[in-house]
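The values are calculated or read from the model by the stated rules, or taken from the named source; none is laboratory data. Model, not experiment: these values are computed from the prediction. Here Cβ is always computed from backbone atoms with ideal geometry, including for glycine, and neighbour counts include all displayed protein chains.
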Amino acid sequence: MTALDRWISGVTRWLAQRTSRRGLVGTLGMLLIGGAALPLLPVARRAGAREPAPDEPDRSTPEGDPTSCEYWRFCSIDGFAASCCGGTATSCPPGTQMSAVTWIGTCRNPADGKDYIVSYNDCCGKGPCGNCFCHRNEGDKPVYSPQRSNDIGWCMGSAGVIYNSTVSIVIGVATEQRGRTGGAA
Amino acid sequence: MTSAKRIPQFRLMTRGGVSLHSRIGRSSAVLVVCGCATLALAATRVADADVPIERIGEVEVLPSPFGPHWMWVSDALLERIALVDLDSGAFLGQINAGYGVPVALFSPDRAEIYLPETHHSRRTRGIRTDVATIYDAASLSPVDEVILPPKRAVNPLPVGNSALSDDQRFLAVFNMTPATSLGVVDLEERRFAGEIPTPGCSLVYGVGDRRFAMLCGDGSLLSVTLDEAGRVRQSQRSAPFFDPELDPVTEKGVRWGDSWIFVSFAGWAHVIDFSSGEPSFESPWSLISAEDRARSWRIGGAQHLALHEPTGRLYAAVHQGGPDTHKEGGTEVWVYDIAARERVGRIELRNPGVTVMGMSLAFGRDWAWPFDGLYDFLLDHVAPAFPIEHIAVTQDEEPILATASSFSASLAVYDALSGEFLRRVVTGNMTVQALQPSPFRGLVAAGVGALP
């Protein structure tokens, strides 16, 4: 790792620790450094220890890698992937609390071609993780449609409002084709 | 100006004298005093010749009225709102806030700024306190506060989380637990007036003297009218005016006189007129022509709309992209004559400038030509394009368009009428989450602060 890499990594993580809105750091990295800098971060790839679920894409591909923003379940995420923050795609990092309320997305699993309903629960009570900022907004809706809005800080109630990261839990198979918004209306 | 300048100017001398006297003998003290006097005399002679003796403890207050080109710039990292002058580039002051994206409300008539805030007693944990803090607009010091139920919605929106009634009597705060409601603050009596459940409806926009509007999940609009005590006098829900599934409007509406303008993901402008009390929905019109739509032009950004009231011009950040890019920043700003419903200008956006840790990376301004323009050349032609997520326009007769990318603390500033690029202004922020033009009429300097 060059001195420049270390400096960029340090700056990015410093910002990550202080950010209060999901998404700040990742976009900073994207804008200033380019996506190429993210792999330089000392990402804790704990999720790598987990075997892929049956019928999930190969882990060696971005669509099957829970530490990649291209992971198929992250299609509607806007925040830090818990799998890069000490948790897994379905569990929160140590010391955080999983939000009871959440938004959902509908993501297509390229391994079986089916659409799945994914629950994006926020991990709360510690500051923003800073790793793996994923800013995909497929199916995202405005705040007045809360069940589909990834702009809402879902850390609310007993867990407090401090946002750390987000898990993506498959909760069902979508029975209808997902719709698109903002198309050529 | 003078009220802020109460200075304990002799404190240092008094404390030092007592301390010396108690530690050393009287004769030694005399020597020390004589020595000090000699030194002071010498220092005074030098000072008389150069710089007058100055007072310690001076604190500025802002002049009144504010400058027409002042802009408030929110930062979620530093949890503050910075005030900068877009003409001179000067940093003028700041207001600190709590967790989330701070967005202030400005009273047009009172020299006060209102800021809903969320705090935890142990910063990331502990007891949560939500509070509406009232700041003196001239001293930027807190003068009062009203404690709110700890239910304030947390999201990065630059508009819609709180609103002032037009008569400035009430402040409404959008709550989400996730049950939605409005918290109402009586700003004259400085008390929490109560909570109004608003099931199915979110966000809040001021639409009249005692009236607020909210957007509902079925595409309708809820109008809430308050009585003298801040309780609900009337609550009325309209028929749906947009399809929240197929083409939802963004939350980032702009006010135009008695109307609000919301724009859909696909670029349809919905104008809602509240002048008669009841909301009146005009037929939507498209910001994107069929030809531009075929070229994938779309609206997008975290604060993608701005409006210049005196000329009735609407400004929209646009980019070329696919579906679900409604939060992607703009590469151009398109300008519309709202009354004529037609586009009257295009402004190609330039890089707002690069900052790291709030500091500008600008260099070479004093180098010889042509190298003095190297930084600008690199920004405009070499650096990756910064999508512009935030735009705002000042409301004076010579309006300025300010543009920002969320992760640079530098703003690019344009003449809002001609579209001419003017300059870059560094805010000292880490990030930019909201731009708010400053009110520039009225605003008399008040009494510093009253809260500890």
### Task
State whether the residues of segment B:307-314 include one that is under 28 Å from B:L182 (Cβ atoms), within 12 Å of chain A (Cβ to nearest Cβ) and out of contact with any helix residue (DSSP H, G or I) (no Cβ under 6 Å at 6 or more places or on another chain).
no
### Query
Which one of A:R148, A:R180 is at pLDDT below 90 and basic (K, R)?
A:R180
### Query
Which of the residues belonging to segment B:154-192 are more than 19 Å from the chain's Cα centre (by Cα), farther than 15 Å from B:E228 by Cβ and not basic (K, R)?
B:N175, B:M176, B:T177, B:P178, B:A179, B:T180, B:S181, B:L182, B:G183, B:F192
### Message
Looking at segment B:154-177 only, could you name the residues that are at negative phi and in contact with a Phe, Trp or Tyr (Cβ under 8 Å, 6 or more places away or on another chain)?
### Response
B:V154, B:V159, B:N161, B:S162, B:A163, B:L164, B:S165, B:L171, B:A172
### Task
Only one of these is within 14 Å of chain A (Cβ to nearest Cβ), exposed (fewer than 13 other Cβ atoms within 10 Å of the Cβ), in contact (Cβ under 8 Å) with a residue 24 or more places away in the chain and not hydroxyl-bearing (S, T, Y): B:R346, B:R295. Name it.
B:R295
### Query
Does B:R255 satisfy the criteria of being more than 14 Å from every other protein chain (Cβ to nearest Cβ), in contact with a Leu (Cβ under 9 Å, 6 or more places away or on another chain) and either more than 21 Å from B:Y315 (Cβ to Cβ) or not β-branched (V, I, T) (or both)?
yes
#### Entry: Sole exception among (1) within 21 Å of B:P68 (Cα to Cα); (2) touching a helix residue (DSSP H, G or I) at 6+ places or on another chain (Cβ under 8 Å) for B:S410, by number
(2)
### Summary
Within segment A:129-145, residues basic (K, R) and at pLDDT below 95 come out as A:R136
### Task
Considering only segment B:380-399, state which residues are at pLDDT below 95 and buried (at least 21 other Cβ atoms within 10 Å of the Cβ).
B:F386, B:P387
### Query
Of the conditions (1) surrounded by fewer than 21 Cβ atoms within 10 Å (Cβ to Cβ); (2) at pLDDT below 95; (3) within 14 Å of another protein chain (Cβ to nearest Cβ), B:P108 fails just one. Which one is it?
(3)
### Query
Looking at segment A:120-142, which of its residues are buried (at least 19 other Cβ atoms within 10 Å of the Cβ), touching a residue at least 24 places away in the same chain (Cβ under 8 Å) and of a type outside the set (A, V, I, L, M, F, W, C)?
A:Y120, A:N121, A:D122, A:G125, A:K126, A:P128, A:G130, A:N131, A:N137, A:G139, A:D140, A:K141
### Task
Taking the options B:F241, B:F192, B:F174, name whichever one is among the aromatic types (F, W, Y) and over 30 Å from B:S283 (Cβ atoms).
B:F192
#### Entry: Residue that is nearest to B:G329 (Cα to Cα), among those in segment B:274-288 that are away from every other protein chain (no Cβ under 11 Å) and either touching a residue at least 24 places away in the same chain (Cβ under 8 Å) or among the charged types (D, E, K, R) (or both)
B:L287
### Message
B:L157 - would you say it is within 26 Å of B:G301 (Cβ to Cβ), touching a Pro at 6+ places or on another chain (Cβ under 8 Å) and crowded, with 20+ Cβ neighbours inside 10 Å?
### Response
no
### Query
Quick check: anything in segment B:358-377 more than 14 Å from chain A (Cβ to nearest Cβ), touching a residue at least 60 places away in the same chain (Cβ under 8 Å) and within 17 Å of B:V84 (Cβ to Cβ)?
yes
### Query
Which of the residues spanning segment B:284-295 are more than 31 Å from the chain's Cα centre (by Cα) and either within 27 Å of B:V159 (Cα to Cα) or of a type outside the set (A, V, I, L, M, F, W, C) (or both)?
B:S289, B:E291, B:D292, B:R293, B:R295
#### Entry: Residue list for segment A:104-149, restricted to those being part of a strand (DSSP E or B) and within 10 Å of chain B (Cβ to nearest Cβ)
A:C124, A:H135
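Conditions tested, residue by residue: (1) basic (K, R); (2) touching a Leu at 6+ places or on another chain (Cβ under 7 Å); (3) farther than 23 Å from B:L157 by Cα.
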site	(1), (2), (3)
B:S360	no, no, yes
B:W369	no, no, yes
B:H381	no, no, yes
B:I388	no, yes, no
B:P399	no, yes, yes
B:A409	no, no, no
B:Y414	no, yes, yes
B:S418	no, no, yes
### Query
Being assigned to a loop (DSSP other than H, G, I, E, B) and more than 16 Å from the chain's Cα centre (by Cα), is that true of even one residue in segment B:422-435?
no
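Would you check which residues across segment B:215-248 are outside any loop (DSSP other than H, G, I, E, B) and surrounded by fewer than 19 Cβ atoms within 10 Å (Cβ to Cβ) and list them?
Result: B:T225, B:V232, B:R233, B:Q234, B:S235, B:Q236, B:R237.
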### Query
Any chance segment B:112-132 includes a residue that's surrounded by fewer than 23 Cβ atoms within 10 Å (Cβ to Cβ), polar (S, T, N, Q) and not in a loop (DSSP other than H, G, I, E, B)?
yes
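Yes or no, residue by residue, for (1) of a type in the set (D, E, K, R); (2) over 28 Å from B:G300 (Cα atoms):
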site: A:D115; (1), (2): yes, no
site: A:D122; (1), (2): yes, no
site: A:K126; (1), (2): yes, yes
site: A:R136; (1), (2): yes, no
site: A:G139; (1), (2): no, no
site: A:R148; (1), (2): yes, no
